[in-house]
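*Asks:* Mind looking over this structure? Questions follow.
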Amino acid sequence: MELTQLQSKIHIIRGEKIIFDFDLAKLYEVETKVLNQAVKRNSLRFPLDFMFQITADELESNWSQFVTSSNKHRGKKYLPFAFTEQGVAMLSSILRSDKAAIVNIAIMRTFVEIRKAIGLQSEVSQQIRELKNNLEERLGEHDIQLMEIYAAMEQFLEESAQKKEFDNRKKLGY
């Protein structure tokens, strides 16, 4: 199973990375109804932080983004279940086929890759912030140095102007 194929099935709902029941069913090569029945028979294994049903508003606002393929199979009448990473891991304990094991391993690896990418992005963002702060500090130092140079140049020009004025003054006596 390709990483990008799995990544396209992971969505963010309520701030959680989730995979929908219909996508999982397709991956496990079972009907969505069969998957959901297995989950209902083992409901104690699926607390709300492992699996939740999305609301009609969530479905409506994101329908075209993630449910286009299941439209013909389910329709808007049935609200899909969303499985978090922990919920997907728990599915492996109730779906005992070889296919389920292989798919679960691929999904877990995908979640890990996403976490690594997010971590790398955070690390790069932190490095950029540090570079920016260092640059601002250095520019601050350079600004001070430039101000000192400008002050010295102004003083030099002022002294030159005074010397020129002195040299051009009307001389008295010899």
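The values are calculated or read from the model by the stated rules, or taken from the named source; none is laboratory data. Nothing here was measured: the structure is a model prediction, and the numbers come from that model. Every residue, glycine as well, gets a Cβ built from its backbone with ideal geometry; the counts of neighbours run over all protein chains shown. What goes into the accessible areas is simple: the full protein's heavy atoms, side chains included, and nothing from ligands, DNA or RNA. Shrake-Rupley method; radii C 1.70, N 1.55, O 1.52, S 1.80 Å.
*Asks:* Taking the dipole about the Cα centre of the chain, with the C-beta of Lys and Arg at +1 and of Asp and Glu at -1, give me whichever of Ala100, Phe50, Val112 is farthest to the positive side.
*Replies:* Ala100
*Asks:* Name the most mobile residue of Ser122, Ser97, Ser160, meaning the one with the largest mean-square fluctuation, in a Gaussian network model of the chain with Cα contacts below 10 Å.
*Replies:* In the Gaussian network model the winner is Ser160.
*Asks:* A further question follows. Compute the separation of the alpha-carbon centres of the range 95-174 and the range 19-35 and state it in Å as a whole number.
*Replies:* Comparing the Cα centres of the range 95-174 and the range 19-35, I get a distance of 50 Å.
*Asks:* Give the label of the value calculated from the structure for percent of Cα pairs over 21 Å apart, choosing from [x] 64; [y] 53; [z] 67.
*Replies:* Only one listed value fits the structure, namely [x].
*Asks:* How do the peptides 13-25, 46-58 rank, highest first, by the average count of neighbouring beta carbon atoms within 10 Å per residue?
*Replies:* The peptides rank, most packed first, as 13-25, 46-58.
*Asks:* Mean residue ellipticity at 222 nm from the helices of the chain, using -39,500 (n - 2.57) per DSSP H segment of n ≥ 4 over the full residue count, to the nearest 500 deg cm²/dmol?
*Replies:* Computed mean residue ellipticity for the chain: -22500 deg cm²/dmol.
*Asks:* For the chain, with all protein chains present and a 1.4 Å probe, just round the carbon and sulfur fraction of the accessible area to a whole percent.
*Replies:* Whole-percent figure for carbon plus sulfur exposure: 55.
*Asks:* Still on this structure, please answer the following. For Arg129, what charge total do you get from the other residues with a beta carbon under 14 Å from its beta carbon, if Lys and Arg give +1 and Asp and Glu give -1?
*Replies:* That sum, taken over residues with Cβ under 14 Å, equals -3.
*Asks:* Mind checking the angle between helix 32-41 and the chain's longest principal axis? C-alpha axes, 0 to 90 degrees, to the nearest 10.
*Replies:* Its long axis makes an angle of about 80 degrees.
*Asks:* Also, quick follow-up: Using a 10 Å cut-off on Cβ atoms, rank the peptides 33-43, 124-134 from the highest mean neighbour count down.
*Replies:* 33-43, 124-134
*Asks:* Quick one: grab the alpha carbon gyration tensor of the range 103-159, order the square roots of its eigenvalues as a ≥ b ≥ c, and give me rounded if a/c is under 1.5, else prolate or oblate depending on whether a/b is larger than b/c.
*Replies:* Prolate is the answer for the range 103-159, as a/c is 1.5 or above and a/b outweighs b/c.
*Asks:* Let me ask you something else. Between Leu157, Leu59, Leu27, find the one with the highest GNM mean-square fluctuation for the chain; connect C-alpha pairs within less than 10 Å.
*Replies:* Highest fluctuation of the listed residues: Leu157.
*Asks:* Further, regarding this structure: Determine the sum of side-chain charges near Ser93: Lys and Arg each +1, Asp and Glu each -1, restricted to other residues whose C-beta is under 13 angstrom from that of Ser93.
*Replies:* Spelling it out: positives minus negatives among the neighbours equals +3.
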